[in-house]
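The values are calculated or read from the model by the stated rules, or taken from the named source; none is laboratory data. Keep in mind it's a predicted model, so treat the numbers as computed, not measured. Ideal geometry is used to build each Cβ from the backbone, glycine not excepted, and the neighbour counts take in all protein chains shown. Note: accessible area is taken over every heavy atom of the protein model, side chains too, but ligands, DNA and RNA are not part of it. Shrake-Rupley method; radii C 1.70, N 1.55, O 1.52, S 1.80 Å.
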Amino acid sequence: MKGCIYIELIKEFPASRLVIEFTGIESFQLTNGKKQIFEHFRHSVPISSFQESDMAPGQYEYPFTINLPAYIPSSFKIEAERLNAEVKYVLSGRLEPKESHRKKVPDLSYSNDIDVQTRPPLSLTPLSLSKREEAKKFFFFSQGFYQVELVVEKSAYALNESLYVMINIDNSECAMPLRFIEVQLVRVFEVLIPGRKPKRSIEILDSHRMDGVEAHNSRYAENNKRLFQLNLKTEGQLNRYTSTKGRFVSCSYKLVLLTNYDRIKKKYKRTLPNNLEFTVYEPEYSINLSLIHI
């Protein structure tokens, strides 16, 4: 990160040093709960020192460079009915007085929020998910195995972009029909609270259900034909919900594969402390995706 500090003094200042500081903060607050704030990153860089003399009135300019870690979570903010959470970064400059003047002269400082968007590693090859399971009749009579393969073009997408999905179905070893296949694009918010169970909520952004195949039959995508597409909606505040994973707050996107054999138990309501109710989704077969700013 590169920038410049501009200082204008109208009178002499007993300066000791000039420091630039970059701080990362995570916070969350549940309904009727106390706001929890955690500092997950702080980097201070001395820009200049003034040990020999005071700073005379005038205008000053100090360029600076800050090297950020290889990975820090992206800026993120959600203001929901049951949950407020945020990952933010603050850049501040501070002109400190000499030790002998600290009791009488305060620091001269200025700070501003900085939007940080981290790009995850991008996959240049298609991502695939294969689901092979045993089909049972009356819960215990085996009818053979079915297999479904889901393929997407890449791992990271931008707002307003479409996800093109291909599906291959192999039901040749199964004596029961595969009635339908459903693919859901879901967004998961999660807050890890120290000493307590994580709070997780999910939104289904888009979904597509297609017919399956009869017993002892198969269907494959012809010449990599795109069977259907899922869209990243931009309604409401979605433009602030890029993928991020902090120490306590995270936002992620998944492509979930379901069939008529999946039971309702995988989606249910869980009552949490303070009488809060979140939808908890635990997909057994899913692909992790990233939503980024371009």
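With θ taken as phi - 60° and the Karplus curve 6.51 cos²θ - 1.76 cosθ + 1.60 applied, the whole-hertz 3J(HN,Hα) list for the range 162-178 is 9, 9, 8, 10, 10, 9, 10, 10, 10, 10, 5, 9, 10, 8, 10, x, 8 Hz, x standing for glycine and proline. The dipole here belongs to the range 76-209: it is taken about the Cα centre, uses +1 on the Cβ of Lys and Arg and -1 on the Cβ of Asp and Glu, and is about 700 debye.
Scanning residues 5 or more positions from Ser74 or on other chains, those with amide H under 5 Å from its amide H are Thr118, Lys245, with H placed 1.01 Å from N in the peptide plane. Distant-in-sequence amide contacts of Glu161, defined by a placed amide H-H separation under 5 Å and a gap of 5 or more residues or a different chain, comprise Leu232. Computed from phi, the 3J(HN,Hα) profile of the range 25-30 under the Karplus parametrisation 6.51, -1.76, 1.60 (θ = phi - 60°) reads 10, 10, 8, 8, 8, 8 Hz, with x in place of Gly and Pro.
Database remark: amide H of Gln143 closer than 5 angstrom to the amide H of Ala135, Lys136, Lys137 (H placed geometrically; neighbours at sequence offset of 5 or more, or on other chains; Pro and chain starts carry no H). Is the range 1-119 rounded, prolate or oblate when judged by the Cα gyration tensor, a ≥ b ≥ c being the square roots of its eigenvalues, rounded requiring a/c under 1.5 and prolate requiring a/b larger than b/c? Prolate.
Quick one: which of 128-137, 60-69, 142-151 comes out on top by average Cβ neighbours within 10 Å, and what's the full order, highest first?
142-151, 128-137, 60-69
Each of the peptides 248-255, 52-59 was scored by the mean count of other Cβ atoms within 10 Å over its residues; in descending order, highest first, they stand as 248-255, 52-59. Directionally averaged projected area (the range 1-44, Cα convex hull): 5.8 nm². Phi-derived couplings, Karplus 6.51 cos²θ - 1.76 cosθ + 1.60 at θ = phi - 60°, listed residue by residue for the range 185-194: 9, 10, 10, 10, 9, 9, 10, 9, 9, x Hz, with x used for Gly and Pro. In the context of the full set of protein chains, residues of the range 7-152 present 62 Å² of accessible surface per residue (probe radius 1.4 Å, heavy atoms only). Past 31 Å, Cα to Cα, is the threshold; run Lys131/Lys197; Lys34/Lys131; Lys35/Lys254; Lys2/Lys199; Lys2/Lys34 against it and keep the listed order. Table pairs above 31 Å Cα-Cα are Lys34/Lys131; Lys2/Lys199; Lys2/Lys34.
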